Structures are given as structure tokens and as C-alpha cells.
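Participant: Before I ask anything, let me first share the structure, which is written out below as C-alpha cells.
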Amino acid sequence: MMSAPKITFIGAGSTIFVKNILGDVFHREALKTAHIALMDIDPTRLEESHIVVRKLMDSAGASGKITCHTQTERSLTGC
């Protein structure tokens, strides 16, 4: 069985950009289980994006995992 894809957003503190992209991503059945890794150097903005992405996932019926990172290397692990 193939594992769920991982999508990493570098600069995820840009909440509107992430919201617009992931709003489209979660409309694809194959991506509803994706691991979404959010990375930004600003922990406050990162948390704001995390909240928005969680709401998007919930409204789209997506069941993927969300992780948040302040270090690029960690966000890319497994990509």
C-alpha cells in the first residue's frame, strides 16, 4: 500500500497563500490524507497558519496529519 504524500510549505506563515493553495489541494481525493508540513521561522504566524489549515481540513473532510516546524531540515524529512 502506498503511503500518503507529504506536502511541505516553506514560509507557511504567509497564511493567505497557504489557505489558497491548500483549499485547492483538499478538493483532490488523493490528497485528503496527505501529511502537511508547515514551516516558518515565526512561531506565532506558524500557529495561525496551523489553525487555518486545520479548519480547512475539517471542512473538506480531510484526515491527513499536520506538523509545524521552525527549521527547514525537519520540515523536509520524509519528502
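The values are calculated or read from the model by the stated rules, or taken from the named source; none is laboratory data. Everything quoted here is computed from the prediction, not taken from an experiment. In this analysis, Cβ positions are derived from the backbone assuming ideal geometry, glycine residues included, and neighbour counts consider all displayed protein chains.
Participant: Kindly evaluate Ile51 against the criterion of being surrounded by fewer than 16 Cβ atoms within 10 Å (Cβ to Cβ) and either within 11 Å of the chain's Cα centre (by Cα) or among the acidic types (Asp, Glu) (or both).
Facilitator: yes
Participant: Does any residue of the stretch 1-12 turn out to be surrounded by 14 or more Cβ atoms within 10 Å (Cβ to Cβ), more than 11 Å from the chain's Cα centre (by Cα) and in a helix (DSSP H, G or I)?
Facilitator: no
Participant: With among the aliphatic types (A, V, I, L, M) and buried (at least 16 other Cβ atoms within 10 Å of the Cβ) as the only criterion, which of Ala34, Ala30 stands out?
Facilitator: Ala34
Participant: Shifting gears a bit: Does Arg74 satisfy being in a helix (DSSP H, G or I), basic (Lys, Arg) and touching a Gly at 6+ places or on another chain (Cβ under 8 Å)?
Facilitator: In short, no.
Participant: So how many residues does the stretch 14-51 have that are more than 15 Å from Gly61 (Cβ to Cβ), outside any helix (DSSP H, G or I) and either hydroxyl-bearing (Ser, Thr, Tyr) or modelled with pLDDT under 95 (or both)?
Facilitator: 1
Participant: Scan the stretch 57-66 and tell me whether some residue there is at pLDDT 95 or above and touching a helix residue (DSSP H, G or I) at 6+ places or on another chain (Cβ under 7 Å).
Facilitator: yes
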